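Engineer: The structure that follows is given in the form of structure tokens.
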Amino acid sequence: MKSASSGPLSAWSRLARAARPAGETPPEAAPFGFATRVAALGLAVAPDGRALLEAFALRAVGLAGLVAVLSLAIGLGDGLWFGSGDDLLGLNDTVAVVLALAD
Amino acid sequence: MPDAVDPPPIDVAACLERVRRRDQQAARELVEHLYPLVVRIVRAHLPRRVAEEDLCQEVFLKMFSRLGQYQGAVPFTHWVSRIAVTTCIDHLRAQRRRPEFRWADLSENEAQVLDAVLTSENEVAANDALAARELVHKLLSQLKPEDQLVVRMLDLEQRSIAEIAAATGWNQSLVKVRAFRARRKLQKLFQELKRREKS
């Protein structure tokens, strides 16, 4: 990171250095009753619904992928089966047979 | 800067296990243990008009509601500090940014400090630290919340890039980019102020 050495950027460095002492506050314990109140509230609230959704999102994506692959496989199978059925249908079609013989 | 606040030692893993079993005493111990860490983050990035205690409470309530998500991949204190950081960013985002930074908005002390850092090579007087702090708040309010956060941690708290990355969950390159962007914006602000002072 380029440090502030001159010009306006050094103005920021000087300002930040001057402001630092005002930000130094001693470590502080929780105000009286804060922990008790927050613990009670924290345990009273139900787990975040969005968080649960996030936790299951990856599994849901995996499951959706599996279902998609299965659907594709079944659909492809059906397609092949129908394809062969069409061929059979074609053979049983009198007009198609006549046209084929004419060729 | 080393962590000024060292929470009292407790067995966090055991405490978390008890909290998951809805043990109030354990939840209280956890809050007391983490309070110095959370209040330090909140105080450093406290959006104006939001009470410190309210923001701390919000952080802890989020922590409890998301406890099921904590897998132990990072230290628990890092996980909580990320919640605190994102909570502060959300509040900063909710605040409207001032359209422009003006000399006229500054107090007498703040104007003196700004004049000192812009014009002279002398250091700002030690008793002007509070005015300098206030001035920093006003200048940083012109930046995006994420950039404010990075530049505060880097230049005011003097934390390393690695520490910021751990506390925010952002990778180190992103922290560097944000710091660069923030400092460039500050540089422009100072140039603009200097130009207006001359005119």
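Engineer: Return one number: the angle in degrees, 0 to 90 and rounded to the nearest 10, between the long axis of the Cα atoms of helix B:172-198 and the longest principal axis of the Cα atoms of chain B.
Structural biologist: Compared with the principal axis, the helix lies near 30 degrees.
Engineer: Treat each spin label as a single point 7 Å out from the Cα along the C-beta direction, and report the B:GLN69 to B:SER173 distance in nm.
Structural biologist: 2.5 nm
Engineer: Between A:LEU43 and B:ALA14, what is the FRET efficiency for a Förster distance of 22 Å, r being their Cβ-Cβ separation, to the nearest 0.05?
Structural biologist: Details: r = 17 Å, r/R0 = 0.77.
The calculated FRET efficiency here is 0.85.
Engineer: Per residue of B:158-169, count partner chain C-beta atoms within 10 Å of its C-beta, then hand back the mean as an integer.
Structural biologist: 0
Engineer: On a 0 to 90 degree scale, rounded to 10, what angle separates helix B:129-140 from the longest Cα axis of chain B?
Structural biologist: Between the helix axis and the principal axis of chain B, the angle is about 90 degrees.
Engineer: Sticking with this structure for a sec: For the range B:103-198, what is Rg from Cα atoms divided by 2.2 N^0.38 Å, rounded to two decimals? Please report the intermediate quantities before stating the final value.
Structural biologist: Details: Rg = 14.5 Å, N = 96, 2.2 N^0.38 = 12.5 Å.
Here the Cα radius of gyration is 1.16 times the empirical estimate.
Engineer: Where does chain B land at 222 nm, in deg cm²/dmol rounded to the nearest 500, when only DSSP H runs of n ≥ 4 count, each adding -39500 (n - 2.57), divided by all residues?
Structural biologist: -21000 deg cm²/dmol
Engineer: Give me the inter-chain shielding for B:125-137: mean count of other chain Cβ atoms within 10 Å, whole number please.
Structural biologist: Mean shielding by partner chains, rounded to a whole number: 4.
The numbers here are math on the coordinates, done by the rules we state, and not lab data. Bear in mind the structure is a predicted one, so any value in this text is a computation, not a measurement. Heads up, the Cβs are rebuilt from the backbone with ideal geometry, glycines too, and the neighbour counts pull from every protein chain shown.
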